[in-house]
1. Is it the case that residue 173 is assigned to a helix (DSSP H, G or I), open to solvent by less than 60 Å² (accessible area, probe 1.4 Å) and in contact with a strand residue (DSSP E or B) (Cβ under 8 Å, 6 or more places away or on another chain)?
2. Can you name every residue in region 129-138 that is open to solvent by 20 Å² or more (accessible area, probe 1.4 Å) and over 20 Å from residue 44 (Cβ atoms)?
3. Only residues that are basic (Lys, Arg) and either open to solvent by less than 40 Å² (accessible area, probe 1.4 Å) or out of contact with any strand residue (DSSP E or B) (no Cβ under 9 Å at 6 or more places or on another chain) (or both): list them for region 72-128, please.
4. For residues that are part of a helix (DSSP H, G or I), of a type in the set (Val, Ile, Thr) and open to solvent by less than 70 Å² (accessible area, probe 1.4 Å), tally how many sit in region 21-64.
5. Mind checking which residues of region 96-140 are assigned to a strand (DSSP E or B) and of a type outside the set (Asp, Glu)?
Amino acid sequence: MRLLALVLTRSAKLIAALTDRLAHVHIFLSGILPALLPPEQMAWLMRQFYDHSYEAAGTMIPLEIYPWSLEAWEEQVATDYMTAPGPVLVLGAGLGRESLILAERGHRVLGIDLARRGLTIGVCRGQSLTHPPAFVQADFLTLPVRPSSVGTILVPGVMYSAVPGRTRRQAWGNALHTCLTPGGRLILNFVIAREPDTTRAQTTHAVARLLQRLPGSNPDYQSGDTCTNGHFMHVFQTEQELREELAGTRARIVAIHWSDGFAVLS
């Protein structure tokens with residue numbers, strides 16, 4: 001019995017060590033992948049990621065475990081920048097969480113998402129509302145609305161960081177700007193770096209820069225790009241980096257809530 005216990009203990013330690021090493025390899029590969037894949041390919045992978053994720057919603061994953069309330073930063077946005085009911089565009093609506101709550105509070109809401117399964121759930125949950133939100137299946141980079149027609153555009157779920165390439169994010173920001181009514185607000189949620197700049201991260205970035213020189217690589221790669229499980233994400237390193245990027249759009253910066261991960265533009 002003691003021999004069996006010893007074998008099991010050592011096996012557990014070996015598996016733990018291998019798991020830790022594999023996790024490091026996974027992080028490294030996720031960091032260099034954006035240097036190799038063009039933005040179009042990363043966008044395609046992200047579509048696949050969300051299609052798979054929302055297929056599990058309500059089947060393998062019960063809907064009850066999802067949060068159906070606004071996050072703290074969203075409540076702050078609603079309190080400070082959405083005091084008067086008006087037309088709201090939610091990009092990356094997912095299961096409709098934000099859209100349903102805002103519609104219940106009196107806003108006219110249009111939610112857009114690529115995954116049909118998520119929007120179907122949103123439609124079903126909105127049937128009990130007096131004025132339910134409308135949902136449209138479309139690429140969240142596409143804007144099926146008229147110019148100067150929306151009072152507030154909400155980009156939740158760190159979807160701004162999910163757009164591959166700085167120039168693409170800036171071009172998208174300009175397109176969003178044209179949809180706003182005079183005095184309208186564009187709310188962007190993004191990912192910020194919360195981990196220290198380790199030697200491993202520096203090595204990953206250096207290798208990615210070398211791979212970027214290969215034919216057919218991604219010329220738009222930048223530090224902070226990562227692609228985990230097929231989901232691209234740009235992690236902003238500093239507030240200055242974000243400010244410089246947003247300054248390259250036609251929108252005016254109203255406020256940046258760096259630690260909460262959102263910016264307000266007009």
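1. yes
2. Within region 129-138, 129, 130, 131, 132, 134, 135, 136 qualify.
3. 97, 105, 125
4. Of the residues in that region, 1 qualify.
5. Scanning region 96-140 gives 108, 109, 110, 111, 112, 134, 135, 136, 137.
Residues checked against (1) in contact with a helix residue (DSSP H, G or I) (Cβ under 9 Å, 6 or more places away or on another chain); (2) among the charged types (D, E, K, R); (3) surrounded by fewer than 14 Cβ atoms within 10 Å (Cβ to Cβ); (4) assigned to a loop (DSSP other than H, G, I, E, B):
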site: 214; (1), (2), (3), (4): yes, no, yes, yes
site: 222; (1), (2), (3), (4): yes, no, no, yes
site: 234; (1), (2), (3), (4): yes, no, no, no
site: 240; (1), (2), (3), (4): no, no, yes, no
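The values are calculated or read from the model by the stated rules, or taken from the named source; none is laboratory data. Because the structure is predicted, anything quoted here is derived from the model rather than measured. Cβ coordinates were reconstructed from backbone atoms using ideal geometry, including for glycine residues, and neighbour counts include every protein chain displayed. These area figures cover heavy atoms from the full protein model, side chains too; ligands, DNA and RNA do not enter into them. Shrake-Rupley method; radii C 1.70, N 1.55, O 1.52, S 1.80 Å.
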